[in-house]
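The structure's right below; bear with me while I get my questions together.
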């Protein structure tokens, strides 16, 4: 399994390699959820630099602080001086685990800039919210972000031979792919190695969370209700010690930052209305839904309602992962009993997307009502008589935005 994954090169690897060859000096920040291949991708790119690349991880079992960053940086500086104008590359992994890391990086980076030392720097992290906070506070104007999302359907198909049905059922974690023939083992791996590890190591240990049990309950609730609009009051009715809506909204943001679950806001021409709306819960990887459902693949396939939710969530995850990279904004829309599953806003382009997944809901009245309310919007139907789910998931979202 590891050989297959290590040999598979994601498109972002070419982007990173090209950036490192450019004369412009920016810190390259590779950010994304846990276990989507950030470290593997960086090692693939560093192979081009041979012995003039230095990689170090703050995840190794020893206390890491600013002095550790300085030591790794100095090792890479030696390589850069030895090589001359071609310079060297430094990759620092799991940097979000070092307090005030960005301040140290800024000081070292600025010193090298003044000295014109050709050292290219890559920073990796599994907690996008914390990475973003450190970047915007100390490194403004000095970095580019390369967002590494969950794996797409074409990637899982090419690397592991996933069919569309397998992708919908088992999602997009490459490390778990070899276990899908043993569904119970696969589900336990997702829960132990991905869900619990992400919550405990990427959220609870690195962010102040006053009610960790509530955050876990909220995540489980989000998986059960992925693809559905749920008011904060209804959430509080199903959660123990739920606190207030501000706490729930904050915890949703933390889960989104960890690449697990997002709460989409209702589309409205008024920004205030969007922020005050009930969120539509959406997992960023359908594996998170399936692993916690407690049902076998056969039971999930035969349950029309559950299968429909999985299909909608697969489409939603495809959209939400692209939105997380900043390519567009993603919403839902509802007016009384008329609803549109997803609304994409890219500049002046507005697209209403409805998924016809067999859940017994007629998609067309919602699309018609939305385009009457927003005449410049363009409708897009997925499934049924529209674009097939297979075709939609096989293409980058930008392809449908540009052609709609």
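Where a number appears in this text, it was derived from the coordinates with a stated rule and is not lab data. Quantities reported herein were computed from a predicted structural model and do not represent experimental measurements. Don't worry about glycine lacking a Cβ; one is built from the backbone with ideal geometry, like all the others, and counts go over all protein chains shown.
Rounded if a/c is under 1.5, else prolate if a/b beats b/c, else oblate: with a ≥ b ≥ c from the C-alpha gyration tensor eigenvalues square-rooted, which is segment 136-234?
Verdict is oblate for segment 136-234.
Under a plain spin-label model, where a point goes 7 Å from the Cα along Cα-to-Cβ, how far apart in nm are residue 374 and residue 114?
4.9
Round to the nearest 0.05 the FRET efficiency obtained for residue 65 and residue 302 when R0 = 51 Å and r is the Cβ-Cβ distance.
According to the calculation, E is roughly 0.40.
Now a separate question. Using the alpha carbons of segment 244-337, what is the convex hull volume per residue in cubic angstrom, as a whole number?
122
Which value, in Å³ per residue, describes the convex hull spanned by the Cα atoms of segment 277-404?
Given the Cα convex hull of segment 277-404, per-residue volume reads 119 Å³.
So how tilted is helix 66-83 from the main axis of the chain? Cα-based, degrees 0 to 90, rounded to 10.
Computed tilt is about 60 degrees.
Something else about it: Helix 128-138 versus the longest principal axis of the chain: what angle, 0 to 90°, nearest 10, using Cα atoms?
That works out to roughly 50 degrees.
If each DSSP helix of 4+ residues adds -39,500 (n - 2.57) and the sum is divided by the residues in the chain, what number results at 222 nm, nearest 500 deg cm²/dmol?
-13500 deg cm²/dmol
Could you identify which residue out of 124, 214, 148 has the top mean-square fluctuation in a GNM of the chain using Cα springs shorter than 10 Å?
214
Also, I was wondering about something else. Compute the long axis of helix 304-324 from its Cα atoms, compare it with the longest principal axis of the Cα atoms of the chain, and write down the angle in degrees, 0 to 90, nearest 10.
It is inclined by approximately 40 degrees.
Here is a further query. Would you report the distance distribution of C-alpha pairs in the chain as whole percents per 20 angstrom bin, up to the bin with the largest distance?
26, 55, 18, 0
Shape verdict for segment 2-147, please, from the Cα gyration tensor: rounded (a/c under 1.5), prolate (a/b greater than b/c) or oblate.
It comes out rounded by the Cα gyration axes.
What does the convex hull of the Cα atoms of segment 77-152 come to per residue, in Å³, rounded to a whole number?
Given the Cα convex hull of segment 77-152, per-residue volume reads 111 Å³.
Give, in whole angstrom and from largest to smallest, the semi-axes √(5λ) of the equivalent ellipsoid of segment 319-386, with λ running over the eigenvalues of the Cα gyration tensor.
Result for segment 319-386: semi-axes of 20, 15, 10 Å.
For the pair residue 205 and residue 181, what calculated FRET efficiency results from E = 1/(1 + (r/R0)^6), where r is the Cβ-Cβ distance and R0 = 41 Å, to the nearest 0.05?
Step by step, r from the Cβ atoms, then E = 0.75.
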